[in-house]
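First the structure, in the form of structure tokens, and then the observations on it.
Values in this text are rule-based calculations from the coordinates and carry no lab data. This one's a predicted model, so the numbers in the text were calculated from it and none came from an experiment. Glycine gets a Cβ as well: all are built from the backbone with ideal geometry, and neighbour counts include every protein chain shown.
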């Protein structure tokens, strides 16, 4: 019986299935390819298209022209959508769009170029088209773009029975809805009741008597990362979106918020590492290069600052050449310390655990932690340096430089993102490059400066 | 009217409110403190406790002894829970626990020490206690720990009307439920219907005729990161959990999956940066130090490998001391390139976009992208080095070393996490340290090696 349950579920997209599909494609065996791809969940079918090579993708789509429907299209990586949509017949595209709620259509539309946008808008019926165009009128990455226009709402005076009768009559309900939203006569949302409460209450219960405490509204211009924060912080499952006059314009559901949260994490992680834009496994080498080269070039110049600092001490290095060998230890350990402090700070800013209320205390904590870590490392490195080079003074210089640089690293790691945030920039944006430049320069400067003062 | 809506919502926890609360605490003005803290959403009240200092927290809890309820407790950072729970009277703790679903009680319980666990279990009534103990019998970080035992289920033959009547009669329904789950006579889940479909269907509709395609079950021993993946990949909103015989033991809801997803992201980001465990803004300097010092010490030793490599070329550096100044440029730019490739790979492994099916192609892509980036950087650095030092041969050595190191960086960034994953380790675990060690060593080795061969 466990087997039966397993068979009921969608088959997994494992390496074996992928190679079986590719074999069927190569053999131009459409029925076999269909029998392997057909039962896949749309999300897995999209993953399949992302994981195979461009030429395999072309062959698969040629073999199974009816494969791509609206669900697969909305699961597909943005980088591939344009390519896949270009291969769809207009009628097929129209059919794919008809299945989707307006938020999914908007999500697909916003990354396409103008002619493709026009082609898709042309396939929608008038009401859907108006809904999509309204959403598209809000700024990119705003609540207005995330919301679906399909809303289940009721007047404030309705009872559970009236709401239930209404729901049974409506021809088309949204794919996802978790609340019935109450609106006043001017279409302003005033509360919501969960479907669970409605289902479990007697028919004559007034909806206004079973409203949820968690109710709040989101202005349509709210940035999407703030939307994701509200969903996470307040455990929302859906939330009405209002325009500047407080009128209801749509609803955001948790699946969209979860996607934004995931995208924000990706952005933070990649930006911190100096990768320009969201990059995808289906990107080619050229696209990959384009997201990375800019920060590499920036780093080439910031690394030249370190080179300049070192060049000022060439006399010292000529006198004691072993300094050249050990100096990167101080710089590199500083880089790790800075990266640690930075990752914690960027994450805490994203989850709003680091705020104006505790920034002072966190900076003091980083200072103490950098000092203590620096002292611990200084003892190890100082003893090690003394033993290897037989000079306690070199050990002392290494240890002192290590302490200085760990303090700089810990402070830089928290102050750089705090500074970027205060200036209205993304705290993750290239902070990694700034902080490692700082720890490199300070590492070489403190070590070679102290060496010049104490060893020559 | 927009104002009225705004007033209905929970007040924000901004810096002004935090300082007003701290002033009230200092003035021992309990009514004022209560009026400021009381209206906060439990999640914000928990954030408040996390953001103030330990002594301020003690004073606030002493001033408002009734402040902490079950909701605040389950929102609170793990690092603080033990401290806060120790300050609660047993009756208050019992009251706090009674409000919570079993998954929240388990979540609180699992991070406490044995006496506190026993104290909490003692406050639960027999049925709740059995539910919690059953969950605790599953491995840590498994589906069994995430699930709530409160499930809304119905026999397979029920109609919409029967289900609705049943829901109206049940005294206590879970806080969150989105489906009615169908079970066979042996308690094995066979499908579910959304509350939306149930509400909008006529009373005589059979539940089995309105089941969802998305239905699947999760074994209780499934690791929680796999649970989060299933929820994201298949847009689940809730999912039944079964034991090894396929019997229903609980349900996981999307809010728990979203929290796991968020925790996994945090772990990836921090591990990549060499921070040992999830660290929190309310940690003291000592706890902060403990999460960071281990990898700093590891890096101290790996950096010594670079120092050793450089020391082998002391003769070359003595001959041309300016090499010491420029050599970190090659190493540092390699570090950035490796970090970029690494961040993309770790993220793609987490989202399962990088699999056995496309690993070969991704590695080839990294190779090409590293080569092209290396060539671009080599041109800039080669020309720059030639101009600054008036030696085209030095420029050539810089450029060649850069190309070698960018290729090593791009490959290392993807092969290190792929290797860790193949050996069953977390791909994010300290990959940063491995990759930068690799790029440092290769950067110094290729540059100084080429310099020795071509410049001496």
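Overview of results
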read-out: Whole-angstrom gap from region A:44-93 to region B:138-197, using each part's C-alpha centre; value: 37 Å
read-out: Radius of gyration and Dmax over the Cα atoms of the protein assembly as shown, both given in Å; value: 30.0, 95
read-out: More than 18 Å apart - percent of Cα-Cα pairs taken over region B:83-236; value: 65 percent
read-out: Where a label projected 7 Å from the Cα of residue A:35 along Cα→Cβ would reach, residues of region A:49-90 with amide N under 20 Å; value: A:60-61, A:63-67
read-out: Cα-based Rg of region A:285-455 normalised by 2.2 N^0.38 Å, two decimals; value: 1.13
read-out: Residue B:137/residue A:83 FRET efficiency (R0 41 Å; Cβ-Cβ; nearest 0.05); value: 0.25
read-out: Distance (nanometres) between label positions extended 7 Å along Cα→Cβ at residue B:203 and residue A:98; value: 3.6 nm
read-out: Residue A:172 versus residue A:213: modelled label distance in nm, points set 7 Å from Cα along the beta carbon direction; value: 3.9 nm
read-out: Nm distances between copies for residue B:219, ranked from closest, using label points 7 Å along Cα→Cβ; value: 5.1
read-out: Inter-copy spacing of residue B:31 label points, which lie 7 Å from Cα along Cα→Cβ, given in nm from shortest upward; value: 8.5
read-out: Between region B:353-409 and region B:416-456, the alpha-carbon center distance in angstrom; value: 14 Å
read-out: Extension gain from residue B:319 to residue B:453, taking 0.36 nm per residue of separation minus the Cα-Cα distance; value: 47.0 nm
read-out: Cα extents of region B:153-272 along the three principal axes, largest first (Å); value: 56, 30, 29
read-out: For chain B, calculated [θ]222 nm from helices alone, where every DSSP H run of n ≥ 4 adds -39500 (n - 2.57); value: -21000 deg cm²/dmol
read-out: Label 7 Å beyond Cα on the Cβ vector: residue A:276 copy-to-copy distances, nm; value: 4.0
read-out: Computed lengthening from residue B:19 to residue B:156, 0.36 nm per intervening residue step minus Cα-Cα distance; value: 43.7 nm
read-out: Neighbouring partner chain Cβ atoms per residue of B:358-364, average, 10 Å criterion; value: 4
read-out: Rg(Cα) / (2.2 N^0.38 Å) computed for chain B, rounded to two decimals; value: 1.30
read-out: Dmax and Rg, reported as Rg then Dmax, of region A:108-179 (C-alpha, Å); value: 15.7, 48
read-out: Ranked by how many other beta carbons lie within 10 Å on average, peptides B:93-101, B:59-67 from highest; value: B:93-101, B:59-67
read-out: Kirkwood Rh, angstrom, region A:2-144 [1 / mean 1/r, Cα pairs]; value: 16.3 Å
read-out: P(r) of region A:199-248 over all Cα-Cα pairs, binned every 10 Å from zero, in whole percent; value: 21, 42, 26, 11, 0
read-out: Distance (nanometres) between label positions extended 7 Å along Cα→Cβ at residue B:114 and residue B:391; value: 6.9 nm
